[in-house]
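S.K.: I'd like to ask you about the structure that follows.
Where a number appears in this text, it was derived from the coordinates with a stated rule and is not lab data. As the structure is a prediction and not an experimental result, all values here were calculated from the model. With ideal geometry, Cβ positions are generated from the backbone for all residues, glycine too; neighbour counts draw on all protein chains shown.
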Amino acid sequence: MTPPADRATGQGSGKLILFGEHAVVWGARALATSLPDGALATVRHTPDAATRLTLLRDNQTLAQLAPDLQGGPLEQALATLIAHFECAEHGFDIRVDLNVPPGAGLGSSAALATAIARALATLYPSESNPRRIERAVEASEGIFHSSASGIDQAASLGQGLIHFEKGPPARCTALHDIPAFTIAICQAAPGASTATMVQGVTSRRAKAPERYRQLASMISDLVEDALEAMRTQDLTTLGELVNFNHGLLCAMGVSTHSLDHACHIAREAGSPGAKLTGAGGGGCVYALAHDPAHAQRLVHTWQEHGFQAFFTTIAG
Ligand code: PMV
C-alpha cells in the first residue's frame, strides 16, 4: 500500500479520574475528564523499514526505542499500535512529546497510544479508522495495565467530562451540561505500578467481599451526587464528596503519606476538597479551587512544599 502522505501528527489527551478509581474495575460508576494536550505524536516515513520512537518531555529525551513484541511495555505497545494499521512493511520515525508526567496516573500511556494511533490513521486513511484507533489504544493499554477498566482510554479518546461504567458492555457518556470549574493538580510522589495497586486491592477485596461491595455501591452513589453538585455549582458539597472518596481510597489501602499530605496542604489552603487520582501508591492529587486565581495559589503552595503542580479548567 502506498501511503498518501509522508508525515502526520496526532494528539492524545491525558486523563484525570475525578471519582471512582479502583471501584470502577469491579463495576462501580466513575467520573473522569480528559486533560488536553496530553501527548503530541509526529510520525514520518523512513526510507528504510526500521521504526524508531523518541519520547520527550519538556524537550528532554525520556526514551528512544524500536517496536519489539518481546521488549518492554513501551516497545510492545508500539509494535501493537503499528500492527493495527497494516503498515508493518513501512518504517517510521516517531516523535512523541508528552505533556503530562509519565506514570503518575494522568493517563500518559493512553495519551501516547492515542496520539500515535491518530497519526497512523491519518497516514493510512480508512473508513474503519475510528474503530481501529479505539482497538489499537485498547490493546496498547492492555499491555500497560493488565486488568484495566478502560476508563483511561475512554477519557483519552474523548473530550471533556465522561461518566464511565466498565460493563460489559462498557458505557461511556460524554457530559455536556456541566458548568466549568477549576482544579489544581500536583504530583506528590513518583507513581506506582497500576497493575500492582489493582492486585493489592483485589486481594484485600477477596478477604472482605461484602465490605468491598458496600464500598463500590457507596462510590457509585458518590458519583451521582457529585454530578448533581457540579450541575448546581455547589462547590462545598462537591468538596465533601471529593474528600469522602479520598477517605474510601485510604480504606482500600491505596493512599500514602505523601498523597494524604498533599491533600491536607490543599485543604488548609482553602480547597473545598482534595483526593488522590488514579491507582495511588504515589502519583497525583487534585484539589478543587474556587476560581483560577485560587488554583494558582494552590499550585504555589504545593510548589513551596517541593511538589510539581499545575491547574486546569474542567468542563462538560
Ligand atoms: O493507571 P492509573 O493510575 O490511571 O489508574 C487507573 C485507574 C484504576 O481504576 C486504578 C485502574 C483501572 O483500570 O480503572
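S.K.: For the chain, with only Lys/Arg (+1) and Asp/Glu (-1) charged at the beta-carbon, what is the dipole magnitude about the Cα centre, in debye rounded to 20? Please report the intermediate quantities before stating the final value.
M.R.: Working: 22 positive and 29 negative charges, 87 e Å.
Around 420 debye, computed over the chain.
S.K.: A follow-up question, please. Multiplying the sequence separation of Ala251 and Ala170 by 0.36 nm and subtracting their Cα-Cα distance, what value in nm do you get?
M.R.: 26.5 nm
S.K.: Then there's this: Give the calculated FRET efficiency between Glu304 and Leu62 to the nearest 0.05, with a Förster radius of 35 Å applied to their Cβ-Cβ distance. Intermediate values should be presented prior to the final figure.
M.R.: Numbers: r = 27 Å, r/R0 = 0.77.
Working from the Cβ atoms, E equals 0.85.
S.K.: Right, something else. Name the long-range amide H neighbours of Thr51: under 5 Å, sequence gap of 5 or more, or other chain; modelled H, no Pro or chain starts.
M.R.: Counting only residues 5 or more places away or on other chains, the set is Phe92.
S.K.: Follow-up question, since we're still on this one. Just Leu69, Leu157, Leu55 to compare: in a GNM of the chain, with alpha carbon springs under 10 Å, which one fluctuates most?
M.R.: Taking springs between Cα atoms under 10 Å, the residue moving most is Leu69.
S.K.: Specify which residue in the list Ala117, Ile265, Pro292 is farthest towards the positive end of the charge dipole of the chain, using unit charges on the beta carbon of Lys, Arg (+1) and Asp, Glu (-1), about the Cα centre.
M.R.: With unit charges placed on the Cβ atoms, the residue in question is Ile265.
S.K.: Also, quick follow-up: If you average 1/r over all unlike Cα pairs in the chain and invert the result, what Kirkwood radius do you get in angstrom?
M.R.: Values: mean 1/r = 0.0504 Å⁻¹.
Final number for the Kirkwood radius of the chain is 19.9 Å.
S.K.: To continue, here is another question. Dividing the alpha-carbon radius of gyration of segment 122-226 by 2.2 N^0.38 Å (N being the number of residues), what value is obtained? Kindly include the intermediate steps, with their values, before the conclusion.
M.R.: Details: Rg = 16.8 Å, N = 105, 2.2 N^0.38 = 12.9 Å.
Against the empirical 2.2 N^0.38 Å value, I get 1.31 for segment 122-226.
S.K.: Would you kindly work out the equivalent ellipsoid of segment 185-279 from its C-alpha gyration tensor and give its semi-axes, the square roots of five times the eigenvalues, largest first in whole Å? Show your work: numbers first, answer last.
M.R.: On the way: eigenvalues 109, 72, 19 Å².
Equivalent-ellipsoid dimensions as semi-axes: 23, 19, 10 Å.
S.K.: Which GluC sites (Glu not before Pro) does segment 42-104 hold that lie in a coil by DSSP with at most 13 other beta carbons within 10 Å?
M.R.: Details: sites: Glu75, Glu86, Glu89; in loops: Glu86, Glu89.
Answer by residue number: Glu86, Glu89.
S.K.: Tell me which of Ala39, Leu56, Val24 sits at the most positive position along the dipole axis of segment 22-75, charges placed on C-beta atoms (Lys, Arg +1; Asp, Glu -1).
M.R.: Final value for the positive-end residue is Val24.
S.K.: Another question, if that's okay. May I ask you to derive the FRET efficiency for Arg213 and Leu69 from their Cβ-Cβ distance with R0 = 41 Å, giving the value to the nearest 0.05?
M.R.: On the way: r = 39 Å, r/R0 = 0.94.
Efficiency computed from Cβ-Cβ geometry: 0.60.
S.K.: Ok, one more. Nearest 500 deg cm²/dmol is fine: what mean residue ellipticity at 222 nm does the chain get from its DSSP H runs of n ≥ 4 alone, each adding -39,500 (n - 2.57), divided by its residue count?
M.R.: On the way: 9 runs with 129 residues, N = 316.
It lands at -13000 deg cm²/dmol.
S.K.: Follow-up. How high is the relative contact order of the chain, in percent, with contacts defined as C-alpha pairs under 8 Å that are six or more residues apart?
M.R.: Working: 739 pairs, mean separation 69.3, N = 316.
It rounds to 22 percent for the chain.
S.K.: Top mean-square fluctuation among Gly105, Gly247, Gly280, Gaussian network model of the chain, C-alpha springs under 10 Å?
M.R.: Of Gly105, Gly247, Gly280, the most mobile in the Gaussian network model is Gly247.
S.K.: Among Asn243, Asn59, Asn99, determine the one that fluctuates most according to a GNM of the chain built with springs between C-alpha atoms less than 10 Å apart.
M.R.: Asn59
S.K.: In which sequence would Trp302, Trp26 go, from the one with the fewest C-beta neighbours within 10 Å to the one with the most?
M.R.: On the way: Trp302 24, Trp26 19.
Arranged by neighbour count, lowest to highest, Trp302, Trp26 become Trp26, Trp302.
S.K.: Then there's this: So for segment 31-106, what percent of the C-alpha to C-alpha distances run longer than 15 Å? Each step should come with its number before you reach the end.
M.R.: Details: 1705 of 2850 pairs.
I get 60 percent for the Cα pairs in segment 31-106 exceeding 15 Å.
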